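Structure record follows, encoded as structure tokens.
The values are calculated or read from the model by the stated rules, or taken from the named source; none is laboratory data. Quantities reported herein were computed from a predicted structural model and do not represent experimental measurements. Ligands, DNA and RNA are excluded from the accessible area calculation, which covers all protein heavy atoms including side chains. Shrake-Rupley method; radii C 1.70, N 1.55, O 1.52, S 1.80 Å.
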Amino acid sequence: MMGWTRHLRDDRLYECYLVERGGEAVDPRAADHLADCQSCAGRYRQLSEFLATIGDEAAREADDLFTPERLQQQQDAIQRKLDVAARPARVISFPGQTAPTHTQPTTRVATRWLAAAAAAGLIVGVGVGETFRPSGAGEPAVSRATAQATTPRTAPAALRVSAPAPAPDANDDDRFLRELEMALQRPQTRELLSFDNLTPHAREIGRRVR
Amino acid sequence: MSDHAVQQPERLSPVAPPAATAARRPAAAAPISEDTRLAVEIREQVARGDVDQARSLFSGLVTQHQRRASRIAYQYLRDAAEADEAVQDAFVKVFSHIASYREAWPFEVWFTRILINGCLDRRKSRARRERWFVSSDDGPPEDARLPFGGAGNPDPEARLLARERRARLASAIDRLDGRQRTVFMLCHYGDCSPREVSAMTGLNESTVRVHLFRAARKLRAFLGGQP
Ligand SMILES: [Zn+2]
């Protein structure tokens, strides 16, 4: 048939797809082969259809969700955030924002926080034990995590069911969890986790209950 | 929690300064794109203290990029409300850091890096929450909560099939490793060329091509050749 003895490998076909999609010319030798070999042309067609369908499907799915109205709300929210950023010195409260931000149900947040408080308390209890051990003095990370866990900030935040703006709390929570996880990575804390493994976890209990 | 959920994609590390990227570009005097020109103008207005004018130009930049940004953020986060916030935060960050923007980088590349790093941070923080909190039933899929069940298709059976297909695809994408997922999504969902993906991720272009091919091969295997 042609000067080729071997079919195009999958990675070459994929390369051809990328090149063609970018509007560039496919390597002439590969193009000649595709023109002459039905088998490779068929594989190429299948691959192209597969990739194009994936891209189209993803775009359609996102476009169904991000309607023009929603994009407009996004624009408005960006402008509001820029307004806030432009006035750092004054504290201004923005009651009743209209744009949809996080739609997480508050009751769920509360439940999750109760479980978290229990889990954190368990681990922090381990941490406290460690901190008060005579040789364990000077463990700043654990102490800091402990201090944070015992400040009223965490649990009441969970129970403030009607609190309208969860975003700053979410950042605090994340920082708290990050520090807690860092504390748990310390070798002396890790030893104690074997005790923790013997104790039922709040999340496991929660799972069983549901 | 499954293993692949624990595995987190790497945050995009700082890449070489624009000169190195420009060196790979075929034509040194490639024409500057409209959005890049706009970003430069905004930067200059901010520098002159003309913030109101800059803000008004900036909304044009947002309009140009927000649809694509929302697609990318949604594919990363699979939660429309969180994607909204990721997109908003990325644009706010762009405006507040516009002084550091250099036109040697196409605006799209610079913006997309900011967006993706924000999405990766959100994924990490979500994984952290999931490690600590009782996981809850997340309810029906996102498009099922839309007034018409998502797609403009009025046929309920077609909508259901579309929803299943999308869920299958999303779960296959989620099974890719972090780099492959990022590179594949930027190329096939964000319509970026391998060269642009290389500039966004700091990976060299041939590595991007290898990741792309492997991701595509895995997806075909996961999905049995049918998207
Ligand atoms: Zn062949």
In Å², what does the accessible area per residue of the range B:155-227 work out to with a 1.4 Å probe? 42 Å²
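Give the ranking of B:Glu205, A:Glu69 by solvent-accessible surface, highest area first, calculated with a 1.4 Å probe. Walk me through the numbers before you get to the answer.
On the way: B:Glu205 35, A:Glu69 125 Å².
Output order, biggest surface exposure first: A:Glu69, B:Glu205.
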Summarise the accessible area of the range A:2-84 (1.4 Å probe, protein heavy atoms) by the percent that is carbon and sulfur. 48 percent
Estimated translational D of the range B:31-132 in µm²/s (Stokes, Kirkwood radius over Cα pairs; 25 °C; 0.890 mPa s): 172 µm²/s
Would you compute the Debye intensity of the range A:2-84 from its alpha-carbon atoms alone, equal scatterers and no solvent, and pass along log10 I(q)/I(0) at q = 0.18, 0.23, 0.24 Å⁻¹ to two decimals? -0.79, -1.05, -1.10
May I ask you to rank A:His33, B:His97, B:His211 by accessible area, largest first, using a 1.4 Å probe over the protein chains only? B:His97, B:His211, A:His33
Heavy atoms of B:Leu77 accessible to a 1.4 Å probe, total area in Å² rounded to 10: 0 Å²
Checking an interface number: how much accessible area is buried between A and B, summed over both chains, with a 1.4 Å probe, in Å² rounded to 100? 5700 Å²
Using all alpha carbons of the range B:155-227, what is the percent of pairwise distances in each 5 Å bin, ordered from the shortest bin to the longest? 3, 17, 24, 20, 14, 11, 6, 3, 1, 0
How large a share of the accessible area of the range B:31-132, in percent, is made up of carbon and sulfur atoms when the probe is 1.4 Å and the other protein chains stay in place? 50 percent
Leaving out ligands, DNA and RNA but keeping every protein chain, what accessible area does A:Cys16 have, in Å² rounded to the nearest 10, with a 1.4 Å probe? 10 Å²
Kindly write out, for the range B:103-115 in residue order, the coupling ³J(HN,Hα) from the Karplus curve 6.51 cos²θ - 1.76 cosθ + 1.60 (θ = phi - 60°), rounded to whole Hz, with x marking Gly and Pro. 5, 4, 9, x, 4, 4, 5, 4, 4, 5, 4, 4, 4
